[in-house]
Each structure stands twice: as C-alpha cells, then as structure tokens.
Amino acid sequence: MCGCTRLVTQLIYLRSVLNIELEGRSLSMYVMTRRWYEQWKEFVETREQNSSSFPGQIDNTELFEDQESYHLKERLVENEDFVLVPAEVWHKLLSWYGMADQQPPVERKVVVDQPNTLKVEVYPVEIFLCLHSNMENIVTAQFSRTDKIQLIQSVMCRTFAVPAGSECRLWIKSSDSNCERLRNLHLSVLEACLSSGMTVIMETRNADGTWPSSTPQIMRTSDEQDSYRGQPGVCGLTNQGNTCFMNSALQCLSNTPPLTEYFLQNDYLEELNFTNPLGMKGEIAEAYADIIKQMWSGRHYSVVPRVFKAKVGHFASQFLGYQQHDSQELLSFLLDGLHEDLNRVKVKEYIELRDADGRPDQEVAEEAWRNHRRRNDSVIVDTFHGLFKSTLICPECHKVSVTFDPFCYLSVPLPVSKERVMEVFFVSLDPYAKPTQYRVVVPKAGKVSDLCAALSEMTEVPAAQMVVADVFNHRFYRIYTADDSLSCILDRDDIFVYEQKKLEEQQQQEEEEQVLLALYLRERSRYREYSSSSTTLFGHPLLLKVPRNSCSQEALYNLFLQRLARYVRLPEPSEELEEEEEEEEEEEEELYKTQTNGISDDEEQADTEKAGPSSALTGCSDSQSESSTAPEAPPHANHVEASSDCEATNGPEAAPDSTESCEMNNTGHSEPASRQPDDGVEEETEENKLEEACSSEPAAAVEQPIKKRRCRKRKRLFTIQAVNSNGTTERGMGDAGSAVCFDSQPYVAIDWDPEMKKRFYNENEAEKYVKNASMEVPQQQMTVQLEECIKLFTTVETLEEDNPWYCPVCKKHQLATKKLDLWSLPEVLIIHLKRFSYTKYTREKLDSIVEFPLRNLDFSNYLLRKSTSKSEPPSRYDLIAVSNHYGGLRDGHYTSYSQNKDNGQWYYFDDSKVTFAMEDQIVNNAAYVLFYHRQDKVRTPTLPSPKLSPPSTTEPKTDITSSEEDGASSCVSMETD
C-alpha cells in the first residue's frame with residue numbers, strides 16, 4: 001500500500017473511532033497537546049507522506065508543569081491547549097508515532113456528570129487527609145467527583161490504620177479555625193462541593209463516648225464564633241474554588257436594602273411557593289435566606305456558602321463543579337430563581353399577547369404591565385423589574401410592530417474600537433542588527449498585509465519585503481500569508497516579522513525563482529548517538545529568501561554564517577579546528593573529493609546519489625560551486641574556509657574582495673557590515689571578482705595530487721540538515737532523509753556540536769533585542785461615559801441572521817430593524833456593562849473605563865414616558881454596589897464594592913477579605929455590573945459611619961476580616977470553558 005493511501009486509511013479509521021457512542025460504556029480518554037494534534041490532522045489530510053507538516057513523536061511537554069512529576073499545568077483549556085481522544089485512538093497514534101522523552105500518557109476517566117451527561121475529569125480532585133489526633137500527618141489523595149464520601153472514609157481508615165469497627169465522622173476544614181461536618185456519606189464529591197486543596201479531617205469516638213471535637217477551642221464549627229461582634233453585613237464569603245464570581249454577585253445583592261430587609265424580617269416565609277413548576281420548591285430562596293442571615297448576624301468574619309452553591313448547582317447544572325463563570329449570568333439565574341420560588345401567583349393564567357396596532361403607548365404599556373403582574377408577582381418584580389418599548393419594522397412590507405416587555409436588568413453595549421494594538425518583533429536583514437520590538441496599530445478586522453503596512457511606516461522597509469510568522473518553542477508554529485486575517489493572531493502569540501532581500505532589477509528580469517527557507521537551530525546530545533531524536537531546538541528561527549539555484553551546502557553554509565554573524569564568533573587563525581590528516585592516500589583522496597570542488601562531473605553525480613545528511617538539498621543546482629559560494633561568504637572570510645584549508649591559494653586578495661561583494665548582495669546595503677583592512681592591495685572590479693569566482697572550480701580541477709595532499713579537512717562550525725516543520729529529521733523523508741520538497745515550505749536545521757556551540761555561539765547576545773520608542777508610549781485607555789452606553793442601547797439596529805423576526809404580513813422571517821426605548825424603571829436598577837464581546841471570528845474583553853456617577857444618575861432624558869404628575873416616581877438614582885471583573889477571557893477574578901445600608905460606608909469585598917473603600921476607588925476599568933437605588937427609596941443610615949484614620953505609608957490597608965481564621969481567602973485563578 002502506498003504511503004498516501006495508508007495515511008488516508010488512518011484518517012478514516014480514526015474518524016470512525018472518534019464517532020463511537022460513549023453512553024453506557026466505561027471509558028478512558030487521553031489528553032493530548034492541541035498543537036501536535038492539529039499538525040497531525042494537517043499532515044494526514046494533505047495525503048503527502050513527505051509533507052513538511054509531519055508531526056513526529058507525540059509530545060505533551062507544553063502541558064506539564066515539569067518533567068519530573070508530569071503534573072498538568074493549571075488552567076489548561078480544552079480545544080485551545082489540549083484535545084481529548086478515546087483510548088482506541090490514543091493507542092493507534094502511539095503505535096504509529098511513539099511518545100517523546102518517555103513521557104507518561106495522560107489518561108482520564110469518563111464520568112456521568114449529570115443524567116445523560118458525560119464528562120472527562122481532566123483535573124481529578126486532590127484532597128488532603130488527616131486525623132484529628134494527629135493533624136500534622138497529612139496524606140494527599142485523588143478522587144473522582146463521582147466518588148462517594150463513604151469511599152473517602154474507607155480510604156482514610158485504611159491509610160491511617162483505624163481499628164475495624166471504630167465509629168468515625170468526617171469534617172471539612174474550611175479555614176484555620178472553622179470546620180463543617182460531612183454528615184451524608186452517600187453524597188458524591190461533587191455534591192459535597194469538595195474541591196482540590198481542601199482538607200478532610202477524621203475523628204473517632206473516645207472510649208467515654210464523647211467526640212474529640214467537643215473539647216473547647218480545638219475544633220469549632222462556623223456557628224460557634226460567639227466571641228466575634230462586627231458590623232452586620234460586613235462579612236466575607238469564602239472562595240470554595242473559582243467561586244469568586246458567585247461571591248461578588250452575592251455581596252451586591254446582600255447590600256441591596258429592600259431585598260435584604262425582606263429576608264431579615266422573615267417576610268419570605270409567608271410567600272414561599274412550593275408548587276410552582278418553574279420554581280425550585282423554595283430551596284433556592286431558603287438557601288439564600290440562610291446566607292443573608294449569617295452575613296447580617298454580625299457574628300462571622302466570613303461565611304462558607306457551601307449549601308447555597310450546592311443548591312445552585314443542583315438546579316442549574318452549568319454552575320456545577322469549580323469552573324469559573326460570569327457573575328452577571330449567576331445574577332440572572334438567581335433573580336429568576338428567587339422570583340419563581342417567591343411568586344405570589346400560585347396558578348398562572350394563559351394570557352395572549354397583543355400588538356399595539358396603532359393604540360397609544362400609554363394604553364399598551366399599562367396593559368402589558370398589568371398582564372405581567374397577573375402571572376409574575378414577587379419581591380423581585382417589586383424591586384428589580386421595569387418596562388421598555390420594543391419597535392420592529394419589516395424591511396420589506398414596512399410593518400411596524402410595537403410591544404412593551406418587562407426587564408430585570410439592562411445589558412448595555414460599550415463602544416467598540418475598530419483598531420487593535422499589536423506587539424511584534426522585527427528582524428532586519430542586517431545580520432548585526434538586533435531584533436526590534438514594535439507596537440503597531442492595525443485594523444481589528446484587517447489582514448496580515450495591514451500589519452506589514454503599519455510596520456513599514458515605522459521601519460521604512462517595504463511591506464512586500466516582509467514575512468510574518470508565529471514562533472513557538474523555537475520553531476515556526478505558522479507562517480502567514482498577506483491575505484491571512486489578523487483575527488488568527490492572538491495577543492499572547494510571539495509574532496516575528498522578517499525582512500527579506502529585495503531582488504535586483506537584473507534578477508527580476510531573469511525571473512530567478514526565490515525559495516523562502518525556514519532555518520532552525522539545534523544542538524546535538526552529548527551522550528547519545530547523533531540522530532533526529534538526539535537534538536534539541538534552541539534560539540530563534542530565521543526566514544530567508546534564497547535563489548533556488550543557490551541552495552548547495554557550500555552556499556547555505558556561508559549564507560547562514562553571515563546571517564548569524566552577530567552572535568556566532570568566527571574562528572581566529574590561531575584556533576585549531578582541523579581534524580587529523582589521514583595517513584592513507586585513499587582516505588586523503590576521498591577527503592579531497594568530499595570536501596572540495598576538485599571533482600569530475602561523474603564523480604560529483606555519483607557522490608550526490610550517495611548523499612547523506614550533509615548532501616545538497618533537493619531542488620538546488622549542484623553545478624554551482626565556488627561561483628555561488630563566493631558572493632555568500634561572511635565577514636572575515638579570510639579567516640574561515642567552509643570546506644578545506646589549503647596552503648596553495650589564489651592569493652590574499654581574493655578573500656576580502658569577495659567578502660565585500662557578498663555582504664552587499666545579501667544584506668541589501670551599499671556598505672559591508674564588517675570589513676578587513678586591505679593591506680595595500682588594490683580593489684578589484686566587480687567583473688574581475690565574478691570572473692575569478694567563476695574560474696575557481698576549473699582551477700581547482702587542474703590541481704595535481706601535490707596540492708591535494710597538502711589539503712587538510714577544516715572542521716565546520718555546524719552541519720546542515722533538511723527537517724520537517726516540527727524541527728525533526730525523520731527517516732523516509734525523500735532520499736536518505738536529506739531532501740527538501742520545494743512543493744511545500746522547506747525547512748532546514750543547522751546542528752551544533754555542544755563543544756562548538758559553547759565556543760562560538762554567544763547565547764546571551766542571541767537573545768538580546770531592543771525596544772522601539774513605540775513600546776515606551778503608554779497605551780491610552782479608552783474612556784466612555786455611562787450615558788454613551790445607554791444611548792447605544794436605544795440605538796436602532798438590524799436583527800442578526802440567527803435571530804430573525806416573523807413578520808405577520810409577509811408570513812416569513814425577516815431581518816427587521818429593532819429599537820428599544822425605556823418606558824418605566826424599577827426601584828433598584830441593575831446595569832450590566834457588556835465587556836465581553838463574542839463574534840464569529842473574535843473573542844475579546846473590553847477594558848474601557850466607563851465613567852459612571854455615584855450619585856444623581858438621571859434617566860429623565862432616556863425615558864420615553866415623561867412624568868405627567870407628582871405621583872410618578874423620580875428618575876434619579878444613587879449607586880449602591882458594583883461587581884468587578886479583573887483579567888481577560890481565560891482567567892480573572894471577581895470582587896465587589898458595596899455600600900452598607902446601616903452606616904452608609906463603602907466596603908471592598910474580595911472573597912473572605914473585607915476592607916474599607918473610598919469613593920474615588922470605585923470607578924475603574926474593572927466595573928462590570930452596577931446596582932443603582934432610586935433616590936426616593938434610599939434609606940437614611942441608622943448608624944454613624946465609622947471613623948477612618950488617614951492613610952499611612954507604613955501600614956497596610958485596613959482588613960476588617962483580618963484574623964487567624966481567614967485561611968481560604970485567596971481566589972483561585974478562574975478557568976473558562
């Protein structure tokens with residue numbers, strides 16, 4: 001079977017395996033780096049066995065924290081960092097390609113997360129286990145989220161040699177001094193909200209029938225903090241593992257006066273709705289009430305909302321586990337859940353919605369609100385619901401549809417910039433110039449050509465002479481074309497832009513074909529025999545355009561020496577790099593043939609057919625010898641000879657003259673980068689130099705064995721090897737593994753002996769780069785007013801294709817125009833700033849600073865209904881709480897600012913830590929969800945505001961909840977699906 005057919009068969013087989021039914025089977029999945037998997041797919045789908053995208057051995061190095069424990073890195077994201085493949089697929093791939101560096105396979109269990117829902121546990125739960133009698137002896141164990149608490153108890157009994165028949169009970173250590181009892185041993189790890197890093201303590205009953213935990217001040221539950229008395233409501237919430245989003249939302253709602261007073265006064269007990277099919281049997285309302293009562297009891301530094309989280313996960317599976325989520329999404333679920341659990345309407349009647357049909361807005365709005373209250377009547381509706389007018393216009397028949405719809409919060413858009421700032425490294429054609437880092441402004445929806453054009457204005461290098469590439473792990477992850485979209489490039493990618501040589505007019509006329517050559521640097525192993533698996537990539541790769549007929553070993557060797565001249569030191573004349581001269585004439589003659597150009601055409605052809613790793617590359621003209629090599633010689637070429645060191649030369653003038661010529665041709669500059677003294681020798685004309693270079697091969701061929709015996713082999717600094725895009729040399733790639741296929745992107749590597757690299761390669765210099773002045777200019781952060789966002793919310797927009805409107809006149813779905821107008825506002829207005837932007841091609845978070853007022857936010861100019869009587873509520877609001885989000889799309893942290901309803905003081909809530917806050921700290925680029933209270937409903941504080949001492953330069957900011965019990969306050973960096 002030919003190679004292409006075999007690879008296609010592999011692809012078909014793997015696709016069939018990937019489509020297997022997982023349900024009802026006990027399976028394992030394997031974690032594999034996405035980069036290798038994508039490269040393998042590209043290799044297979046090209047159906048070319050010799051494709052340069054050959055993936056090589058499976059290499060999961062980038063997924064591990066280190067090469068000793070092989071623990072997975074934290075916050076890896078599926079389909080971005082890794083992919084999951086079934087066991088059958090993994091074993092096939094492993095048998096075909098093998099595993100790099102004896103890495104262990106990363107096998108993970110497939111578990112039932114919810115009914116009819118399967119999940120792969122990429123990160124098992126890692127729990128610390130200890131006995132109450134010896135809490136210093138801690139053992140680490142891993143459990144599946146589906147394991148029962150009873151299994152943990154069995155493991156602990158076995159681990160700590162607890163006598164059989166002993167009566168035991170378990171506790172979760174939630175902080176340094178607080179523990180919670182694990183009462184139900186039949187709960188799963190997931191249901192009990194156990195997460196990695198938590199400690200489970202086992203105690204056994206004493207002989208006198210008491211429990212050790214009953215001893216005072218040894219183990220206290222969270223309900224026994226009787227000694228603490230603090231300001232009610234100033235209470236932290238312990239992070240249970242990526243639950244800062246929930247803590248932030250709870251703190252904002254906790255500091256919403258009408259809702260909190262409703263629960264503190266036990267009004268909810270009379271309104272719990274246990275029969276509402278859309279509700280949650282009152283469980284969410286009761287769990288929320290428990291949290292509020294604990295937070296406002298004034299007896300807790302911090303509360304662990306474990307039961308509340310379990311209830312939320314039970315009724316909303318998206319919040320199960322310990323992935324990070326959106327605080328606004330939790331708010332939306334919680335407000336809806338509380339409304340349905342507390343809905344005063346026990347049986348909802350069916351109401352047919354009517355269109356305005358030309359009726360006055362006042363009439364239609366009153367009817368809509370009346371119908372809404374007939375089905376929805378709760379404290380949530382009383383506090384948070386408002387009404388807006390929706391106007392739809394059909395683009396075909398111009399039918400106008402007007403409806404009035406209730407809302408619980410306003411999601412207002414932020415003005416989006418059409419430009420993007422990118423940071424790139426520019427690699428000049430001048431070999432002595434360090435890479436320069438630039439910051440350029442490009443169109444957000446632009447192409448790679450736009451990036452080159454922007455960089456061209458700063459470097460004065462034509463955009464046509466630039467090639468853009470993504471460099472990862474010392475190799476090219478992707479080489480872009482001019483038409484590639486900039487959306488393919490992420491902000492975290494290392495982007496290098498390489499200047500390429502401009503073709504001279506004569507070369508353009510001759511249409512000499514140029515080859516874009518990708519160059520990798522590799523170091524051979526000191527201990528293993530030289531092979532593709534005994535080399536290590538290092539340094540930054542290079543991209544060079546070279547004529548196709550100048551790809552001989554000699555020409556490339558000299559060209560690479562020149563391009564690396566900044567950090568590759570050339571040998572001095574006194575330094576011995578020569579290998580020992582062969583004694584036998586046959587060996588000496590073979591050395592002369594392989595290391596010089598003094599061979600006949602027949603011998604050259606025969607030698608090429610037997611080429612090994614250092615032979616000429618496919619597609620290169622082997623007839624080019626010294627004539628193609630001379631123009632490529634590096635600076636100080638009189639000190640280095642690429643192939644031989646002969647005592648009989650053509651004179652001292654040849655080397656320096658050819659050096660100047662080659663630097664001019666290869667750098668594109670009119671002056672050489674480095675020049676040796678002429679020693680009084682007259683310069684030759686360009687024609688004479690070319691004539692001498694072209695005549696060098698016949699001259700060498702005429703030499704007799706006398707000259708041949710006087711030649712000694714000059715040891716090269718490095719060797720050149722054809723490789724694939726992964727930087728590995730694999731058997732079966734062309735003839736003897738040395739061919740470069742010019743039908744695809746050619747890759748070569750220069751292999752360094754460790755000793756030669758140590759002597760002549762300056763690693764510190766190679767890593768140096770300079771920053772352009774553009775990097776020093778601070779990026780101006782976009783600042784917008786909240787009023788601008790509200791105006792955008794009420795702007796006419798056209799519906800998207802995936803959300804059309806059914807026109808009752810045209811009898812089909814139409815992309816109608818839509819306009820929203822505010823009609824009436826609630827007592828507490830929640831404004832959600834849509835910082836997260838998701839389109840078909842891009843995902844981003846907008847970090848613009850939205851300037852919002854802390855007092856007197858006036859909506860009178862945005863309300864469609866104008867106040868006609870004194871009975872109408874005012875339209876001015878004061879800020880009472882803010883949910884903050886710090887970070888980007890993949891990771892971040894939620895906190896909140898809230899104003900205490902009793903003393904009017906602002907506080908900063910960061911999970912279990914609570915600190916005083918000043919008003920000038922609240923407006924920043926992290927503000928995400930804003931809570932405003934209408935001024936006519938604002939309560940006057942019943943307690944005096946605490947007196948704050950002036951800030952000190954030596955003392956840290958006051959931490960109200962700072963105590964020894966605060967042991968779980970830090971927030972784990974979040975993960976997003």
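Can you tell me how many residues in the range 261-296 are closer than 21 Å to T243 by Cβ, assigned to a loop (DSSP other than H, G, I, E, B) and either free of Cβ contacts under 8 Å to residues at least 12 places away in the same chain or open to solvent by 40 Å² or more (accessible area, probe 1.4 Å) (or both)?
0
Is it true that I201 is aliphatic (A, V, I, L, M) and at pLDDT 80 or above?
Considered against the rule, which asks whether it is aliphatic (A, V, I, L, M) and at pLDDT 80 or above, I201 comes out as yes.
I want to confirm something. Restricting to the range 434-453 and keeping residues that are more than 26 Å from Y567 (Cβ to Cβ) and charged (D, E, K, R), which single residue is most open to solvent (accessible area, probe 1.4 Å)?
K447
Quick one: how many residues across the range 776-787 are modelled with pLDDT of 90 or more and open to solvent by 20 Å² or more (accessible area, probe 1.4 Å)?
Summing the residues that are modelled with pLDDT of 90 or more and open to solvent by 20 Å² or more (accessible area, probe 1.4 Å) in the range 776-787 gives 2.
Of all residues in the range 401-419 being touching a residue at least 60 places away in the same chain (Cβ under 8 Å), aliphatic (A, V, I, L, M) and assigned to a strand (DSSP E or B), which is farthest from L353 (Cα to Cα)?
So the residue we want is V412.
So that you can scan it fast, the table gives a plain yes or no per residue for (1) at pLDDT 90 or above; (2) more than 36 Å from the chain's Cα centre (by Cα); (3) charged (D, E, K, R):
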| site | (1), (2), (3) |
| --- | --- |
| C789 | yes, no, no |
| L825 | yes, yes, no |
| L857 | yes, yes, no |
| S860 | no, yes, no |
| P873 | no, yes, no |
| L879 | yes, no, no |
| N884 | yes, no, no |
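So, restricting to strands (runs of 3 or more DSSP E) that lie completely within the range 853-940, which ones have at least 1 residues that are open to solvent by 60 Å² or more (accessible area, probe 1.4 Å)? Show your work before the answer.
On the way: elements: 876-887, 892-899, 906-910, 913-916, 927-934.
Hits in the range 853-940: 876-887, 913-916.
Those residues that are of a type in the set (A, V, I, L, M, F, W, C) and either surrounded by fewer than 24 Cβ atoms within 10 Å (Cβ to Cβ) or touching a Pro at 6+ places or on another chain (Cβ under 8 Å) (or both), I need them from the range 331-345; list them, please.
Scanning the range 331-345 gives F333, L334, L335, V345.
Exactly one of (1) surrounded by 13 or more Cβ atoms within 10 Å (Cβ to Cβ); (2) assigned to a strand (DSSP E or B); (3) not acidic (D, E) is unmet by T140. Its number?
Failing condition for T140: (1).
Taking R158, is it assigned to a helix (DSSP H, G or I), open to solvent by 50 Å² or more (accessible area, probe 1.4 Å) and over 27 Å from V304 (Cα atoms)?
Answer is yes for this residue.
So which of H398, H372 is on the phi > 0 side of the Ramachandran plot and either in a helix (DSSP H, G or I) or of a type outside the set (S, T, Y) (or both)?
None of the others qualify; the one that does is H398.
If you check D81 against the conditions, is it without any contact (Cβ under 8 Å) to a residue 24 or more places away in the chain, open to solvent by less than 80 Å² (accessible area, probe 1.4 Å) and of a type in the set (D, E)?
In short, no.
Could you tell me which of the residues L519, L455, L429 is assigned to a helix (DSSP H, G or I) and in contact (Cβ under 8 Å) with a residue 24 or more places away in the chain?
L455
Out of (1) touching a His at 6+ places or on another chain (Cβ under 8 Å); (2) touching a residue at least 60 places away in the same chain (Cβ under 8 Å), the odd one out for Y877 is which?
It is condition (2) that Y877 fails.
Looking at the range 252-270, can you tell me whether even one residue there is in contact with a Gly (Cβ under 7 Å, 6 or more places away or on another chain) and modelled with pLDDT under 85?
The answer is no; no qualifying residue exists.
Just wondering, is there one or more residues in the range 91-102 that are out of contact with any strand residue (DSSP E or B) (no Cβ under 9 Å at 6 or more places or on another chain) and closer than 24 Å to L194 by Cα?
no
The values are calculated or read from the model by the stated rules, or taken from the named source; none is laboratory data. Worth saying up front: this structure is predicted, and the values here are computed from it rather than measured. Methodologically, a virtual Cβ is constructed for each residue, glycine included, from the backbone with ideal geometry; neighbour enumeration extends over all protein chains shown. Remember, those area values only see protein heavy atoms, side chains included, never the ligands or the DNA or RNA. Shrake-Rupley method; radii C 1.70, N 1.55, O 1.52, S 1.80 Å.
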